[in-house]
Amino acid sequence: MQVKNEVNSTSGWLNGFLGMVIFSGSLPATRVAVLSFDPLFLTVARASIAGLIALLLLGLFKQQRPRGDQLFSLVIVALGVVVGFPLLTALALQHVTSAHSIVFLGLLPLATAIFGVLRGGERPRPAFWLFSIIGSLLVMSFAFVQGVSASLVGDSLMLAAVVVCGLGYAEGAKLSRELGGWQVICWALLLALPVMLVTSLLLMPSSLEAIRLPAWISLAYVSLFSMLIGFIFWYRGLAQGGIASVGQLQLLQPFFGLALAAGLLHEPVSLLMLATTLGIILCVAGSRRFAG
C-alpha cells in the first residue's frame, strides 16, 4: 500500500508539473490576444473552442453523464476556471503587463491549499503552511523589489482571479477522484458551452481582417492548452498527489511565465529571478515533505 501511495504521489507531481508548465504560457498568450480581441470575446471564444473539443472527446469515448449530486461541483469548476479566471485576467491585462500579473500567481498555491482544506477535506501539517506562506511571500516580495508599476484596477482583478481559480482547482481536483481528470474539465466546459457559444457569436468582431497572426496563435493556445490540455494533467496531478501538496508547484509558474514574457514579449525581467526561483524550489520541496 505504501509503495502504491508513493507511486501515486510521484505521478501526481509529474502530472502537476506538466500542467503547471502549460499554464505558464496562459498570461503571456492572453496579453498578446487582448491587444486584438475584446477581453469578454476572448473569454467566451476560448471556452467555446475548448467546449466543442470537449463535446467531441466525451462523445468519442462514450463517457457516462455525471450524477445529479456532482453537477454543483461542476458548476463551481465552470465558474472558477472556465469563466472567472480567464475573464478576470483578460480584463486585468488591459491595465497591467503579463510580467506584473504573473506575480499574483504566487498567491494561487495558498488559495488552492485553503480551498483544498475547505472543499477537499485535506489536513496538511503546520510546517506545510509555513513553507507555503514563505513561498508566497517570496513571490510577492520579488514583485515589489522589481518595482513593477501598480494599477488598483488591474491588481484587484488579479486578486479576484486568484480566489476563483483556487476554488475551481480544489473543487475540480476533488471531483477528479470520482470522474477522472480530463472528464471533469470536459464536463465543466460542456456545461458552459451553450452560453459561451451564443455569447461568442454575438460578440464576434465585425471584421477579422485586422486581427494579426500572433493574436490567432494566442487564441489557439489559450483555447487548446490553457483551457483543456493543461487541466487534464493538472487535475489528475492534484487528485493523485494531493490538492495542497501538488498545488505548491504553482509557486514556480510565475517564473516560467516571466521567462516566456521576457523571451516572447521582450518584457523586462530582473536577474534576481534566479535567486528567488531557488528559494521557491526549496519551499516547494519543504511543502511536499509536510503536506500529509
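The values are calculated or read from the model by the stated rules, or taken from the named source; none is laboratory data. Not measured: the values here are computed from a predicted model. Every residue, glycine as well, gets a Cβ built from its backbone with ideal geometry; the counts of neighbours run over all protein chains shown. Please note that ligands, DNA and RNA were not included when accessible areas were found on the heavy atoms of the full protein model with its side chains. Shrake-Rupley method; radii C 1.70, N 1.55, O 1.52, S 1.80 Å.
In the chain, helical runs assigned H by DSSP with n ≥ 4 each contribute -39500 (n - 2.57); averaged across all residues and rounded to the nearest 500, the mean residue ellipticity at 222 nm is -24000 deg cm²/dmol. A crude spin-label estimate for the pair ILE134 and LEU208, with each label 7 Å from Cα along the Cβ direction, gives 5.1 nm.
Measuring max minus min along each principal axis, the C-alpha atoms of region 168-292 give extents of 53, 43, 15 Å (largest first). Taking 7 Å steps out from each Cα toward its Cβ at ALA220 and LYS62 produces label points 3.3 nm apart. In the full protein context, the chain carries 45 Å² of accessible surface per residue, based on a 1.4 Å probe and ignoring ligands, DNA and RNA.
Measuring spread by the Cα atoms of region 107-257 yields a radius of gyration and Dmax of 17.7, 56 Å.
For the chain, a crude dipole built from +1 on the beta carbon of Lys and Arg and -1 on the beta carbon of Asp and Glu, taken about the Cα centre, is about 700 debye to the nearest 20.
Using a Förster distance of 22 angstrom, determine the FRET efficiency expected from the C-beta separation of ALA285 and ALA262, and round it to 0.05.
For ALA285 and ALA262, the calculated efficiency is 0.30.
Translational diffusion of region 32-122, estimated by Stokes-Einstein from the Kirkwood radius over alpha carbon pairs at 10 °C in a medium of 1.306 mPa s, is 103 µm² per second.
When the Gaussian network model of the chain links Cα atoms closer than 10 Å, the mean-square fluctuations of VAL222, VAL96, VAL82 top out at VAL96.
Rounded to the nearest 20, the size of the Cβ-charge dipole of region 171-292 about its Cα centre is 380 debye, with Lys and Arg at +1 and Asp and Glu at -1.
Here VAL145 and GLN94 are evaluated by their C-beta separation; at R0 = 22 Å the FRET efficiency comes out at 0.30. When the chain is treated as a Gaussian network with alpha carbon springs shorter than 10 Å, the biggest mean-square fluctuation among PRO39, PRO66, PRO86 belongs to PRO66.
Legend: P(r) of the chain from all alpha carbon pair distances, 5 Å bins from 0, whole percents, reading 1, 6, 12, 18, 19, 17, 13, 8, 4, 1, 0, 0. Estimated from the Cβ-Cβ distance and a Förster radius of 25 angstrom, the FRET efficiency linking VAL75 and LEU152 is about 0.25.
Extent of region 1-84 along its three principal axes (Cα atoms, max minus min coordinate, largest first): 53, 32, 25 Å.
The chymotrypsin sites (Phe, Trp or Tyr not before Pro) of region 1-102 that meet both conditions, a loop assignment by DSSP and at most 11 other Cβ atoms within 10 Å of the site Cβ, are PHE61. Of the trypsin sites (Lys or Arg not before Pro) found in region 172-259, those that fall in a DSSP loop while having at most 13 other beta-carbon atoms within 10 Å are ARG212.
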